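Chemist: Handing you this structure, nothing more for now.
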Amino acid sequence: MQSVKWLSFSMASSLTRTLVHFFPYSHTVAAPYVSQCRLTVFGPGVERRTVILDGARLSHPDGVKVDDAFPELSSVADATPAGFGLEIELLTLQQRADLGASGCVVELNAPTRSTGQICRYWPSRMPDSIAELPTDGPAIAAPRAIIALRDAFVATSVLVVNGRDDAVNCGVRSVESTDGEGAARCSWVAEPGRVTEFEIPANVYEALTPQVCGWGLVRGRTLALEMPSEKWRRGLVAYVVQRHPETRRPIMVSAL
Amino acid sequence: MLSAGPREERHYWISTYPFFETTLFLSSPLGGPVGEVAHCQLYDADGNSINEMQVATTLGGVSVLELDQFLAACKMESGLKYAHMVLRLPAGVEEQVRVHTRVGASVVGPTVRIIDRGATFFPIDARHERSHFVALVNYSLQPALVKLRLYLGRRSPEEMVTIPPLGARFVRVETVFGDCFAAELVGPSETLAEGEVPPLKSAANDPALQGYVRVSAKSEVAVGVQLFERTLVRGLNDAVEGELFTAVS
């Protein structure tokens, strides 16, 4: 395959900036052939726009600050706390180079990259082609377990990047019961071309007895994330995000 | 009750004294039977089995396991207690590994698996408030060989590392590639007196401070890789209050 693509999100607020690090790599070619990185952003107040970065080479890691590639993000950033959709694609014209082994890391950092905590994560890799997507199966994907935690260090939320043209219904529910009394269930709509972050509300944890750990009390609950099936997932990904409960800075992002 | 369903295996590099405390969180299985058991096996740096635990998941809850208590038998290697943790999870069970210090917490993703000619990479922020170490675990019963290459400025020095079967290693990037850091982070016009320690630049936003570590498998056995970044946290009067450790999740 001569291209590989990830779907992620970019934060560009007064507290957080985004860097994209990429590693075009091929098992089949050792020479440092030229490759390209293609970045696309979308979101409220921003026209869907693509920037092509030249100069990347196979087997050589590299990176870019998203606001350097898209300076317009800074003018609308603070009004969009969940951030912008971000597609990252690596390409090469070398027919023998299979970029399937390439890597990408997204970094959320303070604007000055001062001594604050850095959050880095592996973004969701997109299917390589329509042909790889299943064509049958249930309309709703099997739910995926999420570890929702709340303590002195983190508060948990679910972030959905919807790069599609249609709205998508998403939800989380507690595992004890699907419809029984006391079951927690929350749902929201991921609007097309938007990044939607849904913080797990405090009442989901209320009934739980906190566990005593070395660093203090922690409340944890297993939730099931409900989203449309794989069949429809092209352009739709979800992440678990843990933010510091007071500063709201992201501490952990994990692709689902 | 043991699960008859498929089990997923994850490999982590974990540590305790004097770096941080490590905690394992396990979700309950979705739709699975109550009491599914997750297996956790710990090997020391040389690959000796030091502990084995079974954790019964609870319906709807999150199982919390503070791992320091299980690392008592872990031998010190390079002044550090660290281990290779192999998790075998029932189908549908998710895990989260979190490290804590006095001033903060962060989540550590599983090691990235590379094999044969495979490679992976990690960004580093080469400021003097930060330091980095590459954490390696060997999934197999054969010794594994990996090559680390640092990309910093115009230099890209290399280092080979051998990992014992089932064992673990950690490599301090600023120590192994000390010459490169000194040469790249001290300006060409600056000269050092003999024996003087190079003052690392701390200018924020200096692109020269962005570096990368590439890790390549050089043997035909699977190896797991993670990179930890250690950041000094300063408070009033610039006094060091503590340190944070972060990894790619």
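Chemist: Would you confirm, using the coordinates I've provided, whether A:G193 is in contact (Cβ under 8 Å) with a residue 40 or more places away in the chain, more than 28 Å from A:C104 (Cα to Cα) and touching an Asp or Glu at 6+ places or on another chain (Cβ under 8 Å)?
Modeler: Details: in contact (Cβ under 8 Å) with a residue 40 or more places away in the chain: yes; more than 28 Å from A:C104 (Cα to Cα): no; touching an Asp or Glu at 6+ places or on another chain (Cβ under 8 Å): yes.
Criteria not met by A:G193.
Chemist: On to the next question. Do you know which of the residues in region B:103-132 that are in contact with a helix residue (DSSP H, G or I) (Cβ under 6 Å, 6 or more places away or on another chain) and more than 8 Å from every other protein chain (Cβ to nearest Cβ) is modelled with the lowest pLDDT?
Modeler: B:A126
Chemist: Here's something else I'd like to know. Hey, can you tell me all the residues within region A:41-64 that are assigned to a strand (DSSP E or B) and either of a type in the set (A, V, I, L, M) or farther than 19 Å from A:G235 by Cα (or both)?
Modeler: At the first step, the residues of region A:41-64 found to be assigned to a strand (DSSP E or B) are A:41-43, A:46-57, A:62-64.
Listed by number, the residues that qualify are A:V41, A:V46, A:V51, A:I52, A:L53, A:D54, A:G55, A:A56, A:R57, A:D62, A:G63, A:V64.
Chemist: Go through (1) more than 20 Å from A:F153 (Cβ to Cβ); (2) part of a strand (DSSP E or B) and name the single condition A:G220 misses.
Modeler: (1)
Chemist: Another question, if that's okay. Looking at (1) modelled with pLDDT of 85 or more; (2) out of contact with any strand residue (DSSP E or B) (no Cβ under 8 Å at 6 or more places or on another chain), find the lone condition where A:E230 falls short.
Modeler: (1)
Chemist: Kindly provide the set of residues from region B:222-249 that are under 19 Å from the mean Cα position of the chain (by Cα), among the hydrophobic types (A, V, I, L, M, F, W, C) and more than 10 Å from chain A (Cβ to nearest Cβ), ordered by number.
Modeler: Residues satisfying the conditions are B:A222, B:V223, B:V225, B:F228.
Chemist: Further question on the same structure: With crowded, with 21+ Cβ neighbours inside 10 Å, at pLDDT 90 or above and touching a strand residue (DSSP E or B) at 6+ places or on another chain (Cβ under 9 Å) as the only criterion, which of B:L65, B:L24 stands out? Lay out the reasoning, then the answer.
Modeler: On the way: B:L65 fails: crowded, with 21+ Cβ neighbours inside 10 Å.
After applying the criteria, what remains is B:L24.
Chemist: Could we say that B:N48 is in contact with a strand residue (DSSP E or B) (Cβ under 8 Å, 6 or more places away or on another chain), over 17 Å from B:P18 (Cβ atoms), polar (S, T, N, Q) and more than 9 Å from chain A (Cβ to nearest Cβ) here? Working first, answer last.
Modeler: Numbers: in contact with a strand residue (DSSP E or B) (Cβ under 8 Å, 6 or more places away or on another chain): no; over 17 Å from B:P18 (Cβ atoms): yes; polar (S, T, N, Q): yes; more than 9 Å from chain A (Cβ to nearest Cβ): yes.
When the stated conditions are applied, B:N48 does not pass them.
Chemist: Here are A:I118, A:I140: which of them is touching a Ser or Thr at 6+ places or on another chain (Cβ under 9 Å), β-branched (V, I, T), at pLDDT below 90 and within 27 Å of B:V99 (Cα to Cα)? Working first, answer last.
Modeler: Working: A:I140 fails: within 27 Å of B:V99 (Cα to Cα).
The unique qualifying residue is A:I118.
Chemist: Restricting to region B:64-100, and then to whatever is among the β-branched types (V, I, T) and more than 15 Å from the chain's Cα centre (by Cα), can you tell me which residue is farthest from the other protein chains (Cβ to nearest Cβ)? Write out each step before concluding.
Modeler: Going residue by residue through region B:64-100, those that are among the β-branched types (V, I, T) are B:64, B:86, B:93, B:97, B:99.
From what's left, more than 15 Å from the chain's Cα centre (by Cα): B:64, B:93.
On the way: B:V64: 5, B:V93: 7 Å.
Within region B:64-100, the match that is farthest from the other protein chains (Cβ to nearest Cβ) is B:V93.
Chemist: Give region A:167-215 a look and list any residue that's surrounded by 12 or more Cβ atoms within 10 Å (Cβ to Cβ), part of a loop (DSSP other than H, G, I, E, B) and modelled with pLDDT under 85, or say none.
Modeler: A:V175, A:E176, A:S177, A:T178, A:A183, A:A184, A:A207, A:L208, A:W215
The values are calculated or read from the model by the stated rules, or taken from the named source; none is laboratory data. Every value quoted in this text rests on a predicted model; they were computed, and no experiment measured them. In this analysis, Cβ positions are derived from the backbone assuming ideal geometry, glycine residues included, and neighbour counts consider all displayed protein chains.
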